[in-house]
Amino acid sequence: MSHPAVPNRRRKTWIAPLISTIVTPPLAFFAFALTVFSAMACDACSAAENHSFAASINPAWIVFRCGQVLALLAIVVSWVFVRNRPAAAILLALAAPVTVLLSLGIFMTVVDWP
């Protein structure tokens, strides 16, 4: 006697958070290294350029760090939502690397480059 086919309710929603967990930390590390080394862009600047650069890099650095924290939270929450809300888990897993790139883009835009 065969049983009727039961749809598989357990989809493989854990794949998106796993890929995001593998991709986002190296991406965040390289973005962090780029922002840290960008502080040396104005080593040979005049006093006025250096003052303008220093005044713009501090808020940009704060925004960048907040973006990195948001990316970390997106990964953690995507793992939490894997069973209860699979669509939200997939969207949050996709949002984590995008958040890293967006925070890097905002950092590059806010800094007053010499």
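Looking at region 26-57 only, could you name the residues that are among the polar types (S, T, N, Q) and surrounded by 12 or more Cβ atoms within 10 Å (Cβ to Cβ)? Once the filter is applied, which keeps residues that are among the polar types (S, T, N, Q) and surrounded by 12 or more Cβ atoms within 10 Å (Cβ to Cβ), region 26-57 yields T35, S38, N50, S52, S56. Close Cβ contacts (under 8 Å, 6 or more residues apart or on different chains) running from residues in region 1-24 that are within 22 Å of L94 (Cβ to Cβ) and among the polar types (S, T, N, Q) to residues that are at pLDDT 95 or above and assigned to a loop (DSSP other than H, G, I, E, B) are absent. For region 31-44, indicate whether the set of residues that are at pLDDT below 90 and not in a helix (DSSP H, G or I) is non-empty. Scanning region 31-44 turns up at least one residue that is at pLDDT below 90 and not in a helix (DSSP H, G or I).
Of all residues in region 79-95, those that are over 14 Å from T24 (Cβ atoms), open to solvent by 20 Å² or more (accessible area, probe 1.4 Å) and in a helix (DSSP H, G or I) total 6. Just one residue in the set V98, V23, V111, V76 is of a type in the set (A, V, I, L, M) and open to solvent by 80 Å² or more (accessible area, probe 1.4 Å); that residue is V98. Annotation note: Cβ proximity below 6 Å between a residue of region 66-92 that is over 12 Å from I15 (Cα atoms) and a residue that is among the aromatic types (F, W, Y) and open to solvent by 30 Å² or more (accessible area, probe 1.4 Å) (sequence gap 6+ or interchain) occurs for A88/F81.
The values are calculated or read from the model by the stated rules, or taken from the named source; none is laboratory data. Note that the structure is a prediction, hence the values are computed from the model and not measured. Note that we place each Cβ from the backbone using ideal geometry, even for glycine, and neighbour counts take in every protein chain shown. Ligands, DNA and RNA are stripped out before the accessible areas are found, and what is left, the full protein with its side chains, is counted by its heavy atoms. Shrake-Rupley method; radii C 1.70, N 1.55, O 1.52, S 1.80 Å.
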